Amino acid sequence: MENTDMSKLAEKLYKERDLSDAELEMLIDDGGADDVLFGYADKVRRENYGDEVYLRGLIEFTNYCRNDCYYCGIRRSNRNVERYRLTQEQILDCCKTGHSLGYRTFVLQGGEDAYFTDDRICDMISMIHESFPDCVITLSIGEKSRESYERYFRTGARRYLLRHETADDEHYRKLHPDELSLENRKRCLFDLKDTGYQVGTGFMVGSPHQTAKNIVSDLRFMQKLNPDMIGIGPFIRHKDTPFAGYESGTLEQTLRLIAILRLMFPYALIPATTALGSIHPTGREQGLKAGANVIMPNLSPTEVRELYLLYENKICTSENASMCKGCLERRISSAGYSISYSVGDVKRKGADKG
Ligand code: SAH
């Protein structure tokens, strides 16, 4: 298509917040008007969030996982991973460090680790909640029963990140073993919403076998779910997985999708993810300029960072938390934005109230 036609599509998406499936497919595949698209995305992000970037301190507290997702470096079949779990004390120390750096949201992420029973998860939540009453606790610990989600919520967790990974059944089957299902993943997301969590979902860009049609399904699914946060990042191969031989997703397509998301979900919290920073030295800065407004600095103890390796060439694995903070401050201001040290709730308004 001519670049002028692609610019028109970008403008239409800006004005109408939606396009037909065929138009979306074209925009996803054709970078001819990326400058225009990013311009609109930045305009919309500034209208909704000014120049503020919210921080979420990420604590990777276990790399044990019962699942065997074909793309993931810490899948259970990978015998080359040295497994670890942080103690309650180590987790609390991460929060202390994060709190002193000014972070007011902690994201507890991990594999689906049977050691962390609901009792233990709830102990962890209460401990953090009591020690840091001015902070918001986010969980990212996979698929659980509705009852478990309700228990965590009653104990004090308020946000939950669970990427749907792909909203297309056939594609889902190509990324996961038989015991996992898209149906259950979606059930979890709707249960989380119902329970009262602020919910984040998302998918990988350029995962094996993904088509533009699949991505349109992702966008349509998210229009139904109406998530508070949408996290996307490029798929990056890991040598000890069945997808070792596949190409990674690209910077260009990930940025284009961040911009499309910003225009379709103006209110959304959209992180410039670590994976984006891992495929390009200024990936996250470019993500911010394409519409992202959240960054998740790593708070995990330096000695375990290399063990929580979902993909190769992950950045920040030899840094500590305060180094990450300094580096991110420079990156955020160099991109033309400023850090907000608030808890950074989603700002829904008018028709967006869901
Ligand atoms: N066990 C939790 C946390 C998963 S890790 C859960 O199931 O939600 C967080 C995200 O990392 C995943 O949802 C996936 O989208 C992403 N991820 C996993 N492997 C990846 C890879 N090889 N490249 C890029 N992102 C990956």
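Residue-by-condition table, conditions (1) touching a helix residue (DSSP H, G or I) at 6+ places or on another chain (Cβ under 7 Å); (2) in a loop (DSSP other than H, G, I, E, B); (3) surrounded by fewer than 17 Cβ atoms within 10 Å (Cβ to Cβ); (4) of a type in the set (Val, Ile, Thr):
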{"position": "Ala114", "(1), (2), (3), (4)": "no, yes, yes, no"}
{"position": "Ile121", "(1), (2), (3), (4)": "yes, no, no, yes"}
{"position": "Ile125", "(1), (2), (3), (4)": "yes, no, no, yes"}
{"position": "Arg154", "(1), (2), (3), (4)": "no, no, yes, no"}
{"position": "Ala167", "(1), (2), (3), (4)": "yes, yes, no, no"}
{"position": "Glu170", "(1), (2), (3), (4)": "no, no, yes, no"}
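For region 46-92, give me the residue count where each residue is among the hydroxyl-bearing types (Ser, Thr, Tyr), more than 27 Å from Glu130 (Cα to Cα) and away from the ligand (no atom under 16 Å from the Cβ). Total meeting the criteria: 1.
For every residue, the table says whether it meets (1) at pLDDT below 95; (2) farther than 16 Å from Leu189 by Cα; (3) aromatic (Phe, Trp, Tyr).
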{"site": "Lys96", "(1), (2), (3)": "no, yes, no"}
{"site": "Thr105", "(1), (2), (3)": "no, yes, no"}
{"site": "Tyr115", "(1), (2), (3)": "no, yes, yes"}
{"site": "Asp118", "(1), (2), (3)": "no, yes, no"}
{"site": "Ile128", "(1), (2), (3)": "no, yes, no"}
{"site": "Phe132", "(1), (2), (3)": "no, yes, yes"}
{"site": "Cys135", "(1), (2), (3)": "no, yes, no"}
{"site": "Thr138", "(1), (2), (3)": "no, no, no"}
{"site": "Glu147", "(1), (2), (3)": "no, no, no"}
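Are any of the residues in region 288-303 acidic (Asp, Glu) and within 19 Å of Leu13 (Cα to Cα)? Within region 288-303 (the criterion being acidic (Asp, Glu) and within 19 Å of Leu13 (Cα to Cα)), the answer is no, since none of the residues qualifies. Screening region 238-348 for helices (runs of 4 or more DSSP H) wholly inside it with 1 or more residues that are within 12 Å of the ligand (Cβ to nearest atom) and more than 22 Å from Arg83 (Cα to Cα) returns the ranges 251-264, 274-279. Within region 101-127, residues that are in contact (Cβ under 8 Å) with a residue 60 or more places away in the chain reach partners that are of a type in the set (Gly, Ala, Ser) with beta carbons closer than 6 Å, at six or more positions or on different chains, in the pairs Tyr103/Gly57; Phe106/Gly57; Val107/Ser140. Checking each residue in region 116-151 for being of a type in the set (A, V, I, L, M, F, W, C) and either within 15 Å of Ile59 (Cα to Cα) or touching a strand residue (DSSP E or B) at 6+ places or on another chain (Cβ under 8 Å) (or both) picks out Phe116, Ile121, Met124, Ile125, Met127, Ile128, Phe132, Cys135, Val136, Ile137, Leu139, Ile141.
Scan region 204-237 for residues that are aliphatic (A, V, I, L, M) and either touching a Ser or Thr at 6+ places or on another chain (Cβ under 7 Å) or within 13 Å of the ligand (Cβ to nearest atom) (or both) and the total you get is 8. When Glu60 is tested against (1) surrounded by fewer than 20 Cβ atoms within 10 Å (Cβ to Cβ); (2) in contact (Cβ under 8 Å) with a residue 24 or more places away in the chain; (3) within 26 Å of Thr274 (Cβ to Cβ); (4) of a type in the set (Asp, Glu), exactly one condition is not met: (1). Within region 216-234, the set of residues being assigned to a helix (DSSP H, G or I), farther than 20 Å from Asp29 by Cα and in contact with a strand residue (DSSP E or B) (Cβ under 9 Å, 6 or more places away or on another chain) comprises Leu225 only.
One residue alone among Glu82, Glu52 is exposed (fewer than 15 other Cβ atoms within 10 Å of the Cβ) and either closer than 29 Å to Ser342 by Cβ or not hydroxyl-bearing (Ser, Thr, Tyr) (or both), and that residue is Glu82. Comparison of Ser148, Ser131, Ser207 shows that the only residue that is small (Gly, Ala, Ser) and buried (at least 21 other Cβ atoms within 10 Å of the Cβ) is Ser207. Per the conditions (1) part of a strand (DSSP E or B); (2) more than 16 Å from the ligand (Cβ to nearest atom); (3) hydrophobic (A, V, I, L, M, F, W, C), the sole criterion not satisfied by Val199 is (2). A count restricted to region 220-246 and to residues that are acidic (Asp, Glu) and free of Cβ contacts under 8 Å to residues at least 12 places away in the same chain stands at 0. The number of residues in region 93-115 that are within 16 Å of the ligand (Cβ to nearest atom), of a type outside the set (Asp, Glu) and under 22 Å from the mean Cα position of the chain (by Cα) comes to 6.
Scanning region 130-139 turns up one or more residues that are part of a helix (DSSP H, G or I) and more than 24 Å from Glu165 (Cα to Cα).
The values are calculated or read from the model by the stated rules, or taken from the named source; none is laboratory data. Keep in mind that what you see is a predicted model, and the values were worked out from it rather than measured. Don't worry about glycine lacking a Cβ; one is built from the backbone with ideal geometry, like all the others, and counts go over all protein chains shown.
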